[in-house]
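Engineer: Quick one: structure below, then a few questions.
The values are calculated or read from the model by the stated rules, or taken from the named source; none is laboratory data. In this text, all values refer to a predicted model and were calculated from it rather than measured experimentally. No Cβ is skipped: glycine too gets one built from the backbone with ideal geometry, and neighbour counts run over all protein chains shown. Surface accessibility is based on the protein's heavy atoms, side chains included, excluding ligands, DNA and RNA. Shrake-Rupley method; radii C 1.70, N 1.55, O 1.52, S 1.80 Å.
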Amino acid sequence: MPLARATRRLLLALCLYLAFCTIGGVYLADGTLHPARRPLTEEEIGAMRQSAQALGASLEDAAISAPDGAVLRGWMVHPHQANGDDVLLLHGLGDNRVGMTGYAQLLVARGYTVLLPDARAHGISGGAVATYGLLERNDIHQWIDFLQAQDRPRCIFGFGESMGAAQLLQSLDTHPRFCAVAAESAFATFREIAYDRMGQPFHLGPWLGRTLLRPVVEFAFLRARWKYSLSMQQISPEDSVGASSIPILLIHGQIDSNIPVRHSRLIHARNPAAQLWEVPGADHCGAISTAPQEFEGRLLSWFRNKVVSARH
């Protein structure tokens, strides 16, 4: 009798655990694929126009249509004294193009033409879901085609942070037309960052996602495949970097509490030819605020040196 009671309790606990993991996986998948949008306000548009004017540049709206029908929108900033090179700037999760305006000002002041798109399902771009690189890598290819048709640059560079960094890196395995890229606070694979997300509410490491909450991750992946036809396990910046010969600068804060620095270390391990700058005292995407002069020097020299290499 006691054994039967214990067995029933164990089965009940197992059923409750599986129910929790299933429901948690559904909410995790749906929430991840539908991030909150940050709208683009008239005040932000006006501020950017004033900033461009102060830098001696013009601000233009840009748009492309993706194969799935999503209309993606952004800004293109042309300095009146351009140096002939363009930079594609990619923002992070839940943000929009405005989040990259600080980098744009830095680059426009040095003569770079910059393109700041809203990622799909962000800002005022179309797209039903954010796919963290599965579709965005092709969006990036189309933006590069747009730049080449509109501006005919000598070199095209890329810089992204967080989600934008991961998307940028994934575009490299099928797109060789970047002269060089820089990626700050990228995740190594979607599965690996999912493990981190499981542990972060409890201030624990990824071990929780790899063990007790592993079924939540697996159900979320299944939900994404069954309902949205998305294979989230294919999202792997580290694989793309491992297959790329494009010069890559990885930047990561050593105390990043959002995407831990081990992610950039994992990416770097797949391609030791890439450069990795670990920024002491910097949190998530915090290199420019923690070490502004060093950030500026490293980024500009990274791009400048690759222009010289491209000429030869």
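Engineer: So which strands (runs of 3 or more DSSP E) are wholly in segment 57-99 and hold at least 3 residues that are at pLDDT 95 or above, open to solvent by less than 30 Å² (accessible area, probe 1.4 Å) and not aliphatic (A, V, I, L, M)?
Structural biologist: Passing ranges, in order: 71-79.
Engineer: Something else about it: Since E136 meets every condition but one in (1) over 15 Å from F190 (Cα atoms); (2) touching a Leu at 6+ places or on another chain (Cβ under 9 Å), which condition does it not meet?
Structural biologist: Unmet condition: (1).
Engineer: Can you name every residue in segment 26-55 that is outside any helix (DSSP H, G or I) and either open to solvent by less than 40 Å² (accessible area, probe 1.4 Å) or in contact with a strand residue (DSSP E or B) (Cβ under 7 Å, 6 or more places away or on another chain) (or both)? Explain how you work it out, then say what you get.
Structural biologist: Let us first name the residues in segment 26-55 that are outside any helix (DSSP H, G or I), namely 34-41, 55.
Scanning segment 26-55 gives P35, L40, L55.
Conditions tested, residue by residue: (1) in contact with a His (Cβ under 9 Å, 6 or more places away or on another chain); (2) more than 30 Å from A182 (Cβ to Cβ); (3) without any contact (Cβ under 8 Å) to a residue 12 or more places away in the chain.
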position	(1), (2), (3)
L212	no, yes, yes
V216	no, yes, no
F219	no, yes, no
S231	no, no, no
Q234	no, no, no
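Engineer: Confirm whether T113 is of a type in the set (V, I, T) and either modelled with pLDDT under 95 or within 22 Å of A36 (Cβ to Cβ) (or both). Spell out the reasoning first.
Structural biologist: Working: of a type in the set (V, I, T): yes; either modelled with pLDDT under 95 or within 22 Å of A36 (Cβ to Cβ) (or both): no.
The answer is no for T113.
Engineer: Residue by residue through segment 273-309, note down the ones that are among the hydroxyl-bearing types (S, T, Y) and under 21 Å from the mean Cα position of the chain (by Cα).
Structural biologist: Within segment 273-309, S289, T290 qualify.
Engineer: Still on this structure: Which condition number does I23 fail, the rest of (1) modelled with pLDDT under 95; (2) part of a helix (DSSP H, G or I); (3) under 21 Å from the mean Cα position of the chain (by Cα) being met?
Structural biologist: For I23, the failing item is (3).
Engineer: Going by what's in this entry, would K306 be described as surrounded by 15 or more Cβ atoms within 10 Å (Cβ to Cβ), in a helix (DSSP H, G or I) and among the charged types (D, E, K, R)? Let's see the steps before the verdict.
Structural biologist: On the way: surrounded by 15 or more Cβ atoms within 10 Å (Cβ to Cβ): yes; in a helix (DSSP H, G or I): yes; among the charged types (D, E, K, R): yes.
Judged against the criteria, K306 is a match.
Engineer: Something else now. For segment 257-272, give me each residue that is of a type outside the set (V, I, T) and under 15 Å from the mean Cα position of the chain (by Cα).
Structural biologist: Step one: filter segment 257-272 for residues of a type outside the set (V, I, T), giving 257-258, 260, 262-266, 268-272.
Hits for segment 257-272 are N258, P260, H263, S264.
Engineer: For segment 150-158, state whether one or more residues are open to solvent by less than 10 Å² (accessible area, probe 1.4 Å) and either under 17 Å from the mean Cα position of the chain (by Cα) or of a type in the set (S, T, Y) (or both).
Structural biologist: Yes; the residues of segment 150-158 include at least one that is open to solvent by less than 10 Å² (accessible area, probe 1.4 Å) and either under 17 Å from the mean Cα position of the chain (by Cα) or of a type in the set (S, T, Y) (or both).
Engineer: Tell me the residue from D86, D30 that is over 24 Å from A180 (Cα atoms) and among the charged types (D, E, K, R), please.
Structural biologist: The conditions single out D30.
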